[in-house]
Amino acid sequence: MNAPLYELGAIADHSALLIAVAIGIVFGWFLERGGLGSARKLMGQFYLTDLTVFKVMFSALVTAMLGVFWLARLGVLDVSRIYVPETYWVAQLTGGLVFGAGFAIAGLCPGTSCVAASTGRKDGLFVIAGLFAGVLAFHELFAWLQPLYGAGALGRVTLPDALRLPYGVIVLIVTAAALGGFAVAERLERRGVLPAVAPARAPDAAVIASES
């Protein structure tokens, strides 16, 4: 086993931070190149007219999942050393609803708001300001929100554990779901394309005469 590199001490703390910053910059560049710094493009997700967000994020998820699976099978990666956050389904469901509402209203998520702000878009700056305001409000209200913060604790839960299926079967199911999702997304996008506007036609002479 020689990975994860940071957990096994192959990468120092300062090097890990520099690598994280570099990966973040590259990731942000690809998001911008994909048009995901535009709130208009992201809002197409909710209208089922532009599912770029779904395709990009699902592609990233499947790529990471397949990478982890095969690296583990080849003996390169120790999966037990990968941190998996504990599940608090009530708190996480509530947070997901709040996050989704904010995404629908602003048209940007925390990551894409940073991309938008870095290219000078004012809406990105306002979303970042709202993000920091929310963090501050959460800090101030934490004593009141603490019961919700820990609600629905289930411990460390993964899909293989929850569905009682082998890890490889879950990988196959998720990959098949992704391919099916991509096909459905393409059909929805084609269906959502507005028809071309017919060129304006000069009015008939009889119509002009009747209006004069």
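The values are calculated or read from the model by the stated rules, or taken from the named source; none is laboratory data. Since this is a predicted model, take the numbers as computed values, not measurements. Note: ideal-geometry Cβ built from the backbone for every residue, glycine included; neighbour counts use all protein chains shown.
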Next item on the list: Might you let me know whether the range 151-171 holds any residue that is of a type in the set (A, V, I, L, M), modelled with pLDDT under 90 and in contact with a Lys or Arg (Cβ under 8 Å, 6 or more places away or on another chain)?
Entry: no
Notebook entry, point to check: So which residues in the range 77-119 are among the hydroxyl-bearing types (Ser, Thr, Tyr), modelled with pLDDT of 90 or more and more than 24 Å from GLY34 (Cα to Cα), if there are any at all?
Noted result: THR87, TYR88, THR94
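Conditions (1) part of a helix (DSSP H, G or I); (2) in contact with a helix residue (DSSP H, G or I) (Cβ under 9 Å, 6 or more places away or on another chain); (3) of a type in the set (Val, Ile, Thr), marked per residue:
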| residue | (1), (2), (3) |
| --- | --- |
| LEU125 | yes, yes, no |
| GLY134 | yes, yes, no |
| GLN146 | yes, no, no |
| ALA162 | yes, no, no |
| GLY168 | yes, yes, no |
| VAL171 | yes, yes, yes |
| VAL174 | yes, yes, yes |
Next item on the list: Please tell me if LEU97 is under 18 Å from the mean Cα position of the chain (by Cα), surrounded by 12 or more Cβ atoms within 10 Å (Cβ to Cβ) and either closer than 27 Å to PRO166 by Cβ or hydrophobic (A, V, I, L, M, F, W, C) (or both).
Entry: no
Checklist line | Residue that is surrounded by the fewest Cβ atoms within 10 Å (Cβ to Cβ), among those in the range 44-93 that are touching a residue at least 24 places away in the same chain (Cβ under 8 Å), hydroxyl-bearing (Ser, Thr, Tyr) and part of a helix (DSSP H, G or I) | finding: TYR47
Notebook entry, point to check: Taking the range 34-43, which residues are in contact (Cβ under 8 Å) with a residue 24 or more places away in the chain and assigned to a loop (DSSP other than H, G, I, E, B)?
Noted result: LEU36, GLY37, SER38
Next item on the list: Might you let me know whether the range 20-27 holds any residue that is among the aromatic types (Phe, Trp, Tyr), surrounded by 11 or more Cβ atoms within 10 Å (Cβ to Cβ), more than 14 Å from the chain's Cα centre (by Cα) and in a helix (DSSP H, G or I)?
Entry: no
Check: What are the residues in the range 100-120 that are exposed (fewer than 14 other Cβ atoms within 10 Å of the Cβ), of a type in the set (Val, Ile, Thr) and either in a helix (DSSP H, G or I) or touching a strand residue (DSSP E or B) at 6+ places or on another chain (Cβ under 6 Å) (or both), if any?
Finding: ILE105
Checklist line | Pick from the range 94-128, criterion of a type in the set (Ser, Thr, Tyr) and in contact (Cβ under 8 Å) with a residue 40 or more places away in the chain, ranking: nearest to LYS41 (Cα to Cα) | finding: THR112
